[in-house]
1. Does a label point 7 Å from the Cα of Glu135, set along Cα-to-beta-carbon, have any residues of the range 92-118 with amide nitrogen under 12 Å, and which are they?
2. Loop-only trypsin sites (Lys or Arg not before Pro) in the range 11-78, please: DSSP not H, G, I, E or B, and at most 10 other Cβ atoms within 10 Å.
3. Under the 0.36 nm per residue contour assumption, what length would be gained going from the current alpha-carbon distance of Asp91 and Phe20 to full extension?
4. Once you put a point 7 Å from the Cα of Asn34 and another 7 Å from the Cα of Glu76, both along the Cβ direction, what distance in nm separates them?
5. Counting Lys +1, Arg +1, Asp -1, Glu -1, what net charge surrounds Ala32 among other residues with beta carbon under 14 Å of its beta carbon?
6. As a test of the formula, what do you get for the chain when each DSSP H run with n ≥ 4 contributes -39,500 (n - 2.57) and the sum is divided by the residue count, at 222 nm and rounded to the nearest 500 deg cm²/dmol?
7. Semi-axes, largest first, in whole Å: what does sqrt of 5 times each Cα gyration tensor eigenvalue give for the chain?
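Where a number appears in this text, it was derived from the coordinates with a stated rule and is not lab data. Here the structure is a predicted model, which is why all the values come from computation and not from measurement. Positions of Cβ are generated from backbone atoms using ideal geometry, with glycine treated the same way; all protein chains shown enter the neighbour counts.
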Amino acid sequence: MFKNKALLGFLAVIALIAFFIFTSAINFYNTAINLQEQVTQQWANVESAYQRRADLIPNLVETVKGYAKHEKETLEAVIKARASATQVKIDPTNITPEQLQQFQQAQNNLSGVLKSLLVTVERYPELKADKHFLELQSQLEGTENRIKVERDRFNKAVMQYNKHIRTFPNNFWAKIFGFSEKPYFQSEKGAEKAPEVKF
């Protein structure tokens, strides 16, 4: 009888440990999926903000073209950089540092040619006073601010996800379920502030 009680007690302890391990695995997995989806959603918001900027550029180019007919080379550079920036796509479920770097490089190139276009605008006072141009300027300023906000939110989502999968005992479950760290959006030096869009 004593043997049966000891065996039942042992089995109860084993069952309790198994239950604890099972619930720990389920809790880890469900939270990791939730955080991973937040990273994916935030990346979509980052892309959406950049797409908004890309959508404003054709109107900006057309407005400038009307006043600055001699700036053909600058306008073509903006159009080419916009096309290049919109072609770089990232799968948010499998973001790699290399993909982020390629995306950032294309966006930084576009920012650079936009800056040179805006410097060119200084030579055309009539353009700087154009109502349509002033509205585009305001929208572009707002979009640059949105881009920064969405990048910051993306990094926060990545931090929460990475923290979840790296802490003990979650790092054990992360290896078993195949969850790996996601890279942060890291701007180039001096890019921590949204560019000023002044004409």
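1. What the label zone holds, given the 12 Å backbone N cut-off, is no residue at all.
2. Numbers: sites: Arg52, Arg53, Lys65, Lys69, Lys72; in loops: Lys69.
Within the range 11-78, the qualifying trypsin sites (Lys or Arg not before Pro) (loop, at most 10 other Cβ atoms within 10 Å) are Lys69.
3. Full extension from Asp91 to Phe20 adds 22.1 nm.
4. Here the answer is 5.5 nm between the modelled labels.
5. On the way: positive: Lys163, Arg166, Lys175, Lys182; negative: Glu37, Glu181.
Net charge around Ala32: +2.
6. On the way: 6 runs with 156 residues, N = 199.
The per-residue figure over the chain is -28000 deg cm²/dmol.
7. Details: eigenvalues 605, 36, 26 Å².
After scaling each eigenvalue by five and taking roots: 55, 13, 11 Å.
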